Amino acid sequence: MRKPAWTGLALALVMALSGVATAQERPRPNIVLIIADDVAFTDFGAYGSEIRTPNIDALARRGTLFTNYHATPMCAPSRAMLMTGIDSHRAGIGNLPETTPEEHRGSPAYLGRLHRDVPTIAERLRVAGYRTFMAGKWHLGHTPGSLPSARGFDRTFILDATGADNWEHRPYLPYYDRAEWFSDGEAVDQLPADFYSSEYLVERMTGYIDEASQQEGTAPFFAYLAFQAIHIPVQAPREYTMRYADRYHAGWQALREERHRAAVQRGIVPADARLGPMHPEMRDWDTLSAGEREWYARAMAVNAGMLEAMDHYLGQLIAHLRETGEYENTIFIVTSDNGPEGALPTASGAMRMWMWLVGYSRDIETLGERGSFAFIGPEWASASASPHHLFKFYAGEGGTRVPLIVAGPGVESGQMARQLALISDIPATIAAFAGTDAEGMTGRSLMPVLEGGEEPVYGPDEGFGVETAGRMAYFEGRWKILRNGPPLGDNRWRLYDLDADPGETTDLSTSDPERFAAMQAAYRQWAEANGVLDMPEGYDPIATLLEHSRAKIRARYWWAYLLAIAFVIGIVAAPVWFFVRVRRRRRATAPA
Ligand SMILES: [Ca+2]
């Protein structure tokens, strides 16, 4: 039977009125998405760190802190998922462009830029009427069509590289000819003389927000703030570094244990979970010379200072939003793209030579200041990732389990969420806050969790994979299989129970062979569906990056190589020439 027309009309009227009522109750929120670079699981105070991050900790108290949230172990793939809500390979960023082997270049999963037909969260929000801004590291393509200015952001000041110097307009690796900064899609000639990355990025973002609110009135904004902190080169204003100058002399093993205790005390990790040992190749603090211990303690102080400075400048943005009345209606999302950086740049002779040629200092007195290049190395990275195994570039929990804090209107206060979650869930969550569509995303909205729900985001049988540069993992409920490549991995799959053993100390692959086999099969299926390619034999991403870098150094500093060769020839030739001359003179003066 056909319903009378007025029923439909009345229904539409009721729906429209209720829509108005909801909108009046809660206007669409602003969204500030903050990503810190290479920040480890226990690096923020709220997760048990000794590093002071009062502004981030305040967001954690006001909102929800996740204890079982994962990214990929590498920057660009994680950021691709964060921008699109789908797997990194399907977005076109299966690996870093810098570490992609020749064999993979040009294949759809390894474009090195986001696929044009995959919408970014900024594009979706812009369609929904949001004003969209970005300041910081993009790393998802730098052709004109793949910069954020062409991918949904109204205003942008961005870096398209793995990183750059924090004090000056210069690259931090010989891989790059220059630091690729862009302002609204145009290459930046020179950064301001008083540039410091965290301070400047917040300043730009504040400017965008203010400018738009003056011009356009009431539309909400989406602000993507992607700090360089605490990626290498680790650099911080001296006053921040010196606050930690005496903090790290007990060494990395002590810090790893201290962070574990603090995380247990806060209820972030289960009290009965075992703290695993560091990788056997990690150096023992006590075997370092006194000078080396001083240097590493200071490097870690710079790292801490860099993070505290980032939190300080973020605090300025938050204070500004309070002053302008935006704070109460703003959702803050704070996260990291992967675990802590364990690279030792000075292990490579070519890197040491390049640092010397471009004048990067590693003097302890000025470490982390302008013109200085610091890094924490694999052992401090292991301590920062406590209580987890390994760090950035590895599929262990140390490389993939990172902090996530969400706060703002509608989010449960002071809550700890233990549900398994993935970085591609963030765009789906943002879409839910904004009331816009998440069609095509594989990530799931975390909204039910943020509202205090106890249901899992992914059911016990709803597994998902993570892969980048041949480091792979598959998660299914409480179970995880993983496989790591060289130099610290052996390309063997292992199985862990993350609920009982988040530190991945006990491999269950032989005691639970059926699950082990089923999860490997599930991984293969996932990998095939997402266009994941096998890595070439013997592939090592860091070695690949260094090889690409060495080629650039040879091309740019060929004269240095010539000088070095000439020098060596000189050392060998001079004594020979001298010897020959002396002999000739003796013969000439010898009596006939
Ligand atoms: Ca990173």
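Taking Leu314, is it within 26 Å of Tyr200 (Cα to Cα) and part of a loop (DSSP other than H, G, I, E, B)?
So Leu314 does not fit the description; no.
Looking at the stretch 82-108, which of its residues are over 17 Å from Gly136 (Cα atoms), in contact (Cβ under 8 Å) with a residue 60 or more places away in the chain and not in a loop (DSSP other than H, G, I, E, B)?
Thr84, Ser88, His89, Arg90, Glu98, Thr99, Glu103, His104
Restricting to the stretch 335-374, and then to whatever is within 16 Å of the ligand (Cβ to nearest atom) and of a type outside the set (S, T, N, Q), can you tell me which residue is surrounded by the fewest Cβ atoms within 10 Å (Cβ to Cβ)?
Here the residue is Ala343.
Could you grab me the full set of residues in the stretch 271-322 that are of a type in the set (A, V, I, L, M, F, W, C) and more than 30 Å from Gly136 (Cβ to Cβ)?
Hits for the stretch 271-322 are Ala271, Ala273, Leu275, Met278, Met282, Trp285, Leu288, Ala290.
Just need a number here: residues in the stretch 120-168 that are part of a loop (DSSP other than H, G, I, E, B) and among the polar types (S, T, N, Q).
Total meeting the criteria: 5.
Show the residue pairs meeting these rules: Cβ distance below 6 Å; 6+ apart or different chains; first residue within the stretch 550-567 and outside any helix (DSSP H, G or I); second residue loosely packed, with under 13 Cβ neighbours inside 10 Å and not basic (Lys, Arg).
Matching pairs, first to second residue: none at all.
I need the full set of residues from the stretch 74-91 which are of a type in the set (A, V, I, L, M, F, W, C) and within 8 Å of the ligand (Cβ to nearest atom), in order please.
If the condition is that a residue be of a type in the set (A, V, I, L, M, F, W, C) and within 8 Å of the ligand (Cβ to nearest atom), then Met74, Cys75 are the ones that fit.
Test Gly503 against the stated conditions and say whether it is modelled with pLDDT under 95 and either surrounded by 15 or more Cβ atoms within 10 Å (Cβ to Cβ) or closer than 22 Å to Ala421 by Cα (or both).
No: the conditions fail for Gly503.
Pairs under 8 Å by beta carbon, first residue among the acidic types (Asp, Glu) in the stretch 332-351, partner within 15 Å of the ligand (Cβ to nearest atom) and part of a helix (DSSP H, G or I), six or more apart or different chains?
Asp337/Cys75; Asp337/Ser78; Asp337/Arg79; Asp337/Leu82; Glu341/Ala381
Could you list all residues from the stretch 24-41 that are within 16 Å of the ligand (Cβ to nearest atom) and closer than 24 Å to Val457 by Cβ?
Once the filter is applied, which keeps residues that are within 16 Å of the ligand (Cβ to nearest atom) and closer than 24 Å to Val457 by Cβ, the stretch 24-41 yields Leu33, Ile34, Ile35, Ala36, Val39, Ala40, Phe41.
So Ser386 fits all but one of (1) part of a loop (DSSP other than H, G, I, E, B); (2) away from the ligand (no atom under 16 Å from the Cβ); (3) within 28 Å of Arg61 (Cα to Cα); (4) out of contact with any His (no Cβ under 7 Å at 6 or more places or on another chain); what number is the exception?
All conditions are met except number (4).
Can you find, within the stretch 321-364, the residue that is farthest from Leu450 (Cα to Cα) among those that are in contact with a Lys or Arg (Cβ under 9 Å, 6 or more places away or on another chain) and acidic (Asp, Glu)?
Here the residue is Glu341.
Quick check on Arg243: is it over 24 Å from the mean Cα position of the chain (by Cα) and of a type outside the set (Ser, Thr, Tyr)?
yes
Filtering the stretch 42-73 down to residues that are of a type in the set (S, T, N, Q) and either under 28 Å from Ala161 (Cα atoms) or part of a helix (DSSP H, G or I) (or both), which residue is farthest from the ligand (Cβ to nearest atom)?
Asn55
What are the pairs, 6+ residues apart or on separate chains, where a residue within the stretch 389-405 that is in contact (Cβ under 8 Å) with a residue 60 or more places away in the chain and in the same structural domain as Asp57 (by TED's automatic domain parsing) has its Cβ under 7 Å from a residue that is assigned to a strand (DSSP E or B) and of a type in the set (S, T, N, Q)?
Pairs that qualify, where the first residue is in contact (Cβ under 8 Å) with a residue 60 or more places away in the chain and in the same structural domain as Asp57 (by TED's automatic domain parsing) and the partner is assigned to a strand (DSSP E or B) and of a type in the set (S, T, N, Q), are Val402/Thr335; Val402/Ser336; Pro403/Thr335; Pro403/Ser336; Leu404/Thr335.
The values are calculated or read from the model by the stated rules, or taken from the named source; none is laboratory data. Predicted, not measured: the structure shown is a model, and the values here were computed from it. Reconstructed Cβ throughout: ideal geometry from the backbone, glycine too, with neighbour counts over all protein chains shown.
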